[in-house]
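Here's the structure we're looking at; comments come further down.
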Amino acid sequence: MSASIFDHDHHFPGVELPSDIPAELLRKTPLNLPNPAELEVLRHYTRLSQQNFSIDTQFYPLGSCTMKYNPRIAHTMASLPGFARLHPDTPAPAMQGLLQVLWELQEWLAAATGMAAVSLTPAAGAQGELAGVAMIRAYHAARGDHGRRKMLIPTAAHGTNPASAQMAGFAVVEIPNLADGDLDMAFLDQHLGPDVAGIMLTNPSTLGVFERRIADIAARVHGAGGLLYYDGANLNAILGRVQPGQMGFDVMHLNLHKTFATPHGGGGPGAGAVAVQERLRPFLPLPTVGREGGGALRWVTEQELPRSIGRFSAHGGNIGVLLRAHAYLRRLGRVGVSRVSAYAALNANYLLKELQRVGYQAAFPERRASHEFILSVSDLQKATGIRALDVAKRLLDFGIHAPTIYFPQLVPECLLIEPTETESKATLDRFVAVMAQIRQEALEQPELLREAPHHLPVGRLDEALAARRLDVAAAQ
Amino acid sequence: MPYIPHDGLETAAMLAAVGVERLDQLFDEIPPTLLVHDMVLPEGLSEMALHRELEGRAMSNAPLRCFAGGGAYAHHIPAIVWEIAGRGEFYSAYTPYQPEASQGTLQVVYEYQSFITRLTGLEVSNASLYDGASGLAEACLMALRIQGGDKSILVPENLLPGWRRVLDSVLGLQNIRLVSVPYDRATGTLILPAEAGDAAALIIPQSSALGLLEPVDALTDWAHGHDLLAIAVVNPLALALLKAPGDWGTQGADIAVGEGQPLGIPLTGGGPYFGFLACRKAHVRQLPGRLVAKTVDGQGREGFCLTLQAREQHIRRGKATSNICTNQGLMVTAATIHMATLGGRGLQQTAVLCHERAALLRELLTAVPGVSLPYGGPFFHEFVLRLPQAAVAVRDALLGHGLLAGLPLADWGMGEAGDLLVCTTELLEEADLLAYRDALTSVLETL
Ligand SMILES: Cc1ncc(COP(=O)(O)O)c(C=O)c1O
């Protein structure tokens, strides 16, 4: 562990508090925050940054997270003072430049997804999901169809899907996947009915394969009066090639912090824009950006969209993230956008083949990989006791971030690997060589893996102790 | 090809290894009827052309001296804050699910949690929520879980209307009733509610949408006297000056939430900001969002990891305390560096300066003929001015003088047509305040 910021403290006399505020409203306990010198702050946080893996420093094949290069030009553009200094309550005529960017992004995302309308406000994927299923709820309610309490969600879905459905007041029914990765249609048919509001899917699914019967699923769900929600976390796989709107989805979110290359920032912020078909437009979350006849842009409010599901943040959403997504899309353009899925798929399928060649087992060997794929190391576990966790930790020793592990929970001892289109063949080849070495180590000296990582500032941490002691703030 | 490194030879070699001839064949499992043929997207731009286009857009947003607040505030951000927060190691890392490879982010969050607990006087802070308003919605859901069985929340009428709308949207989905607590039209501050009904909690803004400081001790004690939880809504910078929620009333507030933007986050038209949420340790299992704890590795070396993850959606799925996954991590990194750079002393000096400048501006503006103060109570850095003409028209006219003069309360459906909410921060110097006075005087004469 690095020194703590609390080690850098200098003592200054206290600040006199204003006398025109009654004493009973003022601070009672002194503000016990450290007073480091600026150079100490600079060194401390620079050193901490050096203890992180990141896209800018390491290969980061974290499945489902689309850790592609975050172009620096997007950061520079979002930081331009003309955007950064804008107060959210600036009257629209004085912020036309920003509104223009947001309006274009709405249009482009609608075009890229094959949907009719977009609201950019949700702050992340999960908030987009909440807004999306809330629109499904509002749609049924507006038709007087009040009995639709259930939301169908595949067992392999991301945890935010059932959590969002639950927050929107739905009861979640989980649907299993078949051995080939496709959805269990018989189970689906059994559960469709007048009490089902809709289904939440991502395609390609979290199993890293394309749901081939999507048109059939859409027809069945629509036939039963339900709507289809598309979790856009995996859009990188099909960008410019297949549109969720064309697959039959009614509403979706996009993780702009995945497909549109905005950074993850060590946990966020992201942006989870929602896109809908025409029949859901009246329910979009606010504000959106609207254009008047003369071309002037303004925020759309409740007066104009009275049946909106409302607002999910105090202002217009994570605008700085939206600016980055806009810059990325504008840089790529129509041709560049279509290349994204092509090279994401090429990298994933190449890596899968190469890893199979060095002995790893694919979870769905007969299927084409999408932009990501799943390996299972159950064979290693049977032979040596080595688990996916051990492989993941050993990778860190080679300066490679671990893939996603134990998600989806359906596949035992799984690694979900997503290389993204921005990685070169040389990087992928090095990854394959390292994975081959790790496999050999697993067979010959498994303790090397079990005790990994060896070369990082800390080894495996005692998570049980962390939860028991619950030291979550520095003692005063 | 922007951001794609492959040359033709590499692509060919990789396709051959996969056993296909063309990139299109990688999509052969997708039914052909689903393939798109065209999308209406613009042509791509070079980085240079992109820079030029967006710089033009940015510059067309008129520069204004900012006297608007209402939940988002113009403050000075020391240069080192985004210099460090923008480092690739912070900027382009994922959530710290592999703690050994994420000690930097994890320690930053631990220090952030420590700072927030000290500002709020509560024991536990999470690692952030989306923004202040959605953080308040999460705090209400948390209070309902802690209390069990209750069906409503007491919401002050002088809560920021934008926050109230978020509560309506989020809590409405679970059929939770929001019961309004009125404010005294003469003083602008809250009237103690008549009854608690089936409420789980009372929301208590330290500084209301009218900029007035509320009697937080009495409100907290009233809540506890009726077996309700007290949810404090606070500005983190104001807490350098004002009473910490942990000290409110005889027992202290139970949960504190707020908008973190004043701590080093640029305004950027409304986001990204971050919501903070702190609570008592007794309630930690109902806390939404991520939490970082200090622990040790196998060799006894100290380190940090995410903890109590069984509260979260990736473990508990539909039964999680919240659906939140991606949070506002980088904003928290910036806020932590901001707080460390200013230090406890710098934060207090800034807060005092904001207050003093606001007091001075209030004096200057009320001396303008026809301008009055509808409320006389204590305030932090925002106050309501009553103008002799519609505040919307005056605000619009002042744009021509290079000023964003404030927020007309009429836009929020509050107060009278002439009411304007004005905010002053340390960024505005005496010359700016005098410029405001002069511009207002001339606009009122000519309108
Ligand atoms: C498949 C899938 N769905 C939804 C989400 C949730 O998105 P977010 O983290 O932006 O809320 C994620 C990302 O973590 C995901 O991978």
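The values are calculated or read from the model by the stated rules, or taken from the named source; none is laboratory data. Everything numeric in this text was worked out from a predicted model, so none of it was measured. Methodologically, a virtual Cβ is constructed for each residue, glycine included, from the backbone with ideal geometry; neighbour enumeration extends over all protein chains shown.
Quick notes on this structure:
- Test set (1) within 14 Å of chain B (Cβ to nearest Cβ); (2) out of contact with any strand residue (DSSP E or B) (no Cβ under 8 Å at 6 or more places or on another chain); (3) β-branched (Val, Ile, Thr) - A:Ile386 fails condition number: (1)
- The one condition from (1) within 20 Å of A:Gly320 (Cα to Cα); (2) exposed (fewer than 15 other Cβ atoms within 10 Å of the Cβ); (3) more than 7 Å from chain A (Cβ to nearest Cβ) that B:Gln25 does not meet is (1).
- Residue match in region A:259-267 (condition: within 11 Å of the ligand (Cβ to nearest atom), surrounded by 24 or more Cβ atoms within 10 Å (Cβ to Cβ) and of a type in the set (Gly, Ala, Ser)): yes
- Hey, A:Phe364 part of a loop (DSSP other than H, G, I, E, B) and facing chain B (nearest Cβ under 10 Å) or not: no
- Subset of region B:296-314 [at the interface with chain A (Cβ under 7 Å from one of its Cβ atoms) and either surrounded by fewer than 23 Cβ atoms within 10 Å (Cβ to Cβ) or not polar (S, T, N, Q) (or both)]: B:Val296, B:Asp297, B:Gly298, B:Gln299, B:Arg301, B:Glu302, B:Gly303, B:Cys305, B:Leu308, B:His314
- Qualifying residues in region A:80-104 (those that are out of contact with any helix residue (DSSP H, G or I) (no Cβ under 7 Å at 6 or more places or on another chain) and in contact (Cβ under 8 Å) with a residue 60 or more places away in the chain) - the one surrounded by the fewest Cβ atoms within 10 Å (Cβ to Cβ): A:Pro93
- Test: B:Ala278 is of a type in the set (A, V, I, L, M), facing chain A (nearest Cβ under 10 Å) and either away from the ligand (no atom under 16 Å from the Cβ) or in a loop (DSSP other than H, G, I, E, B) (or both): yes
- Residue within region B:230-243 that is free of Cβ contacts under 8 Å to residues at least 24 places away in the same chain and surrounded by 22 or more Cβ atoms within 10 Å (Cβ to Cβ) present: no
- For region A:110-128, residues that are within 16 Å of the ligand (Cβ to nearest atom), in contact with a helix residue (DSSP H, G or I) (Cβ under 8 Å, 6 or more places away or on another chain) and assigned to a helix (DSSP H, G or I) total 4.
- Criterion violated by A:Gly144 - all others in (1) within 16 Å of the ligand (Cβ to nearest atom); (2) on the phi > 0 side of the Ramachandran plot; (3) not basic (Lys, Arg) satisfied: (1)
- Among residues of region B:341-378, those that are touching a residue at least 12 places away in the same chain (Cβ under 8 Å) and either of a type in the set (A, V, I, L, M) or in a helix (DSSP H, G or I) (or both), counted: 23
- Within region A:16-49, the set of residues being of a type outside the set (Ser, Thr, Tyr) and in a helix (DSSP H, G or I) comprises A:Ala23, A:Glu24, A:Leu25, A:Glu38, A:Leu39, A:Glu40, A:Val41, A:Leu42, A:Arg43, A:His44, A:Arg47, A:Leu48.
- Residues (surrounded by 18 or more Cβ atoms within 10 Å (Cβ to Cβ), at the interface with chain B (Cβ under 7 Å from one of its Cβ atoms) and either over 22 Å from the mean Cα position of the chain (by Cα) or in a loop (DSSP other than H, G, I, E, B) (or both)) located in region A:50-59: A:Gln51, A:Phe53, A:Ser54, A:Ile55, A:Asp56
Table: residues versus (1) of a type in the set (Gly, Ala, Ser); (2) more than 19 Å from the chain's Cα centre (by Cα); (3) within 7 Å of chain B (Cβ to nearest Cβ); (4) within 16 Å of the ligand (Cβ to nearest atom).
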{"residue": "A:Thr66", "(1), (2), (3), (4)": "no, no, no, yes"}
{"residue": "A:Thr76", "(1), (2), (3), (4)": "no, yes, no, no"}
{"residue": "A:Thr90", "(1), (2), (3), (4)": "no, yes, yes, no"}
{"residue": "A:Met95", "(1), (2), (3), (4)": "no, yes, yes, no"}
{"residue": "A:Leu99", "(1), (2), (3), (4)": "no, yes, no, no"}
{"residue": "A:Leu130", "(1), (2), (3), (4)": "no, no, yes, yes"}
{"residue": "A:Ala138", "(1), (2), (3), (4)": "yes, yes, no, no"}
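- The combined condition, being more than 7 Å from every other protein chain (Cβ to nearest Cβ) and at pLDDT 95 or above, is fulfilled by A:Ala110.
- Selection within region B:281-295 - surrounded by 20 or more Cβ atoms within 10 Å (Cβ to Cβ), more than 30 Å from B:Pro78 (Cα to Cα) and facing another protein chain (nearest Cβ under 8 Å): B:Thr295
- Which listed residue is away from the ligand (no atom under 14 Å from the Cβ), in contact with a Ser or Thr (Cβ under 6 Å, 6 or more places away or on another chain) and charged (D, E, K, R), from B:Arg345, B:Arg311, B:Arg316, B:Arg301: B:Arg311
- Residue check, B:Gly44 in a loop (DSSP other than H, G, I, E, B), under 18 Å from the mean Cα position of the chain (by Cα) and facing chain A (nearest Cβ under 7 Å): no
- Condition check for A:Leu449: over 27 Å from the mean Cα position of the chain (by Cα), crowded, with 22+ Cβ neighbours inside 10 Å and either at the interface with chain B (Cβ under 7 Å from one of its Cβ atoms) or not in a loop (DSSP other than H, G, I, E, B) (or both): yes
- Of the helices (runs of 4 or more DSSP H) lying entirely inside region A:150-250, those containing at least 1 residues that are at the interface with another protein chain (Cβ under 9 Å from one of its Cβ atoms) and away from the ligand (no atom under 15 Å from the Cβ) are A:214-223, A:244-247.
Let's see how each residue does on (1) within 30 Å of B:Phe90 (Cα to Cα); (2) over 18 Å from the mean Cα position of the chain (by Cα); (3) not assigned by TED's automatic domain parsing to the domain that holds A:Asp231:
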position	(1), (2), (3)
A:Thr262	yes, no, no
A:Gly267	yes, no, no
A:Gly270	yes, no, no
A:Thr288	no, yes, no
A:Arg291	no, yes, no
A:Gly294	no, yes, no
A:Val300	no, yes, no
A:His315	yes, yes, no
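- Pairs, first closer than 24 Å to B:Leu54 by Cα in region A:54-76, second aliphatic (A, V, I, L, M) and surrounded by fewer than 24 Cβ atoms within 10 Å (Cβ to Cβ), C-beta under 7 Å, six or more apart: A:Ile73/B:Leu50
- Test: residue in region B:325-336 that is surrounded by fewer than 24 Cβ atoms within 10 Å (Cβ to Cβ), more than 8 Å from chain A (Cβ to nearest Cβ), away from the ligand (no atom under 16 Å from the Cβ) and under 30 Å from B:Leu171 (Cβ atoms): no
- When B:Met339 is tested against the conditions (1) more than 30 Å from B:Leu242 (Cα to Cα); (2) at pLDDT 95 or above; (3) out of contact with any Gly (no Cβ under 7 Å at 6 or more places or on another chain), the lone failure is (1).
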